[in-house]
Amino acid sequence: MATCTSRPSDPAITARTARLGLLIGLVAAAVALAVPARAGARRFNAGNWDLSAQRLVEREGLLGGVAGGGFAGEQRMTGAELSGALQALAAREQLAPVGSVSGATVSVVRFDALLVTQVGLGEVATQVERSARAAGLEPPSYFGTELVARYLQLRYEHPAGEQALDLYPRDPITRAEAAYSLAALLQAGPWELGAAREQLMRFSLPRYSAAQLTVLRIAVSKIGMPYVWGGTTDGVEDGLEHGGYDCSGFAWRVYKVSGLSWGAKILGRTAAEQAGEIPKAQRIRLPGVQGGDLLFFGSAHFNSKATEANVIHEGIALSDEWAIHSSGQGVYVLPLTSGWLATSFAWARRVL
């Protein structure tokens with residue numbers, strides 16, 4: 001079932017998690033924030049998979065232990081706990097806190113939205129969402145904040161065998177998941193936040209045809225869904241640990257599971273199969289990409305034969321400048337003009 005042939009498929013995620021690991025003293029591989037190779041029996045659960053991040057946020061005063069002792073990473077984060085974390089973040093940067101948070105639980109999307117606002121990127125998220133709405137995509141209300149949060153690499157990709165720990169966007173966030181995100185923000189400096197602002201403020205989308213809107217409305221509705229190795233569905237209908245999609249599974253979900261007529265043109269399941277089942281004459285270079293096109297990435301060049309070794313990732317074009325895909329941050333958006341998608345782009349395929 002595997003379609004993205006390396007885990008994680010996003011080099012930027014690997015680099016960031018490695019830096020975060022160094023920051024919190026995870027040079028040893030016993031408990032790493034980078035995706036580890038966890039062979040054999042499951043050793044991690046909802047409470048203990050990021051112990052070092054928990055220690056960091058506790059040490060820095062962002063999120064303390066619970067009554068009775070221990071961090072209790074498996075417990076749901078409360079609004080009061082998030083309020084305290086936001087106030088601590090604000091004090092570190094000499095900013096005003098975004099305000100108190102009520103509720104016995106906090107959803108993933110609400111947590112992400114408040115963190116994005118607290119670090120000064122709320123207007124960026126608003127601009128992103130306005131652009132998507134102006135293009136007619138009808139995104140969910142959390143599209144902008146989730147796009148920013150995942151661009152900042154605030155989520156963790158649980159590996160195969162432990163993907164039951166993944167959370168859906170509207171699930172209550174656990175203290176362990178919150179600790180990972182808070183630790184990531186502690187590591188992110190002004191340069192990184194500024195770079196995210198500069199890049200994402202350029203987010204804009206073209207006018208779409210009716211067919212493109214049909215496809216891309218489905219795609220953007222899945223923002224924040226988890227990356228699941230081999231996944232093609234929103235639930236566990238395909239017998240996996242959790243609902244979600246791998247890279248080509250996301251394209252499969254949008255075009256085929258949704259029952260769109262254009263999906264009949266897609267035969268192969270993997271990124272390499274979908275890239276290779278069209279004649280070379282039908283391949284599209286990046287400047288010719290349009291919304292809804294399938295995008296292929298890896299070491300392959302434009303005239304290469306597609307193989308499982310050289311086409312290792314896939315996304316769906318929002319334009320010739322932006323792609324939506326499923327990778328280590330789940331379903332999110334990255335630019336095609338810079339970063340790892342730009343440097344690894346092979347060719348595109350028109351389905352519509």
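Remark: LEU51, LEU352 ranked as LEU352, LEU51, counting other beta-carbon atoms within 10 Å and listing the fewest first.
Across the range 67-94, the residues whose backbone nitrogen lies under 13 Å from the label position 7 Å along the beta-carbon direction of ASN48 are 71-74. If only the Cβ of Lys and Arg carry +1 and only the Cβ of Asp and Glu carry -1, the dipole of the range 11-349 around its Cα centre is close to 500 debye. Based on alpha carbons, the Rg and Dmax found for the chain are 19.8, 66 Å.
By count of other Cβ within 10 Å, fewest leading, how are VAL98, VAL66 ordered?
Ranked by crowding around the Cβ, least crowded first: VAL66, VAL98.
Per-residue Karplus couplings for the range 120-137, computed as 6.51 cos²θ - 1.76 cosθ + 1.60 with θ equal to phi - 60°, are listed in order as x, 10, x, 6, 5, 4, 5, 5, 4, 5, 4, 4, 5, 5, 4, 7, x, 7 Hz, Gly and Pro entered as x.
Amide H contacts for HIS313 (H built 1.01 Å from N in the peptide plane; partners 5 or more residues away or on another chain; cut-off under 5 Å): PHE297. Put a dot 7 Å past the Cα of LYS305, heading toward its Cβ, do the same for ALA80, and the two dots end up 6.6 nm apart. By the helix-only formula, in which each DSSP H run with n ≥ 4 contributes -39500 (n - 2.57) and the sum is divided by residues, the chain has a 222 nm mean residue ellipticity of -10500 deg cm²/dmol.
For a Förster distance of 56 Å, can you work out the FRET efficiency between the beta-carbons of ARG202 and ALA72, rounded to the nearest 0.05?
Calculated value: 0.85.
The residues LEU334, LEU186, LEU318, when put in order of fewest to most other Cβ atoms within 10 Å, stand as LEU186, LEU334, LEU318.
Readers should treat all values here as calculations from the given coordinates under stated rules, not as data from a laboratory. These numbers were taken from a predicted model, which means no experiment stands behind them. Neighbour counts run over all protein chains shown; Cβ positions are idealised from the backbone, glycine included.
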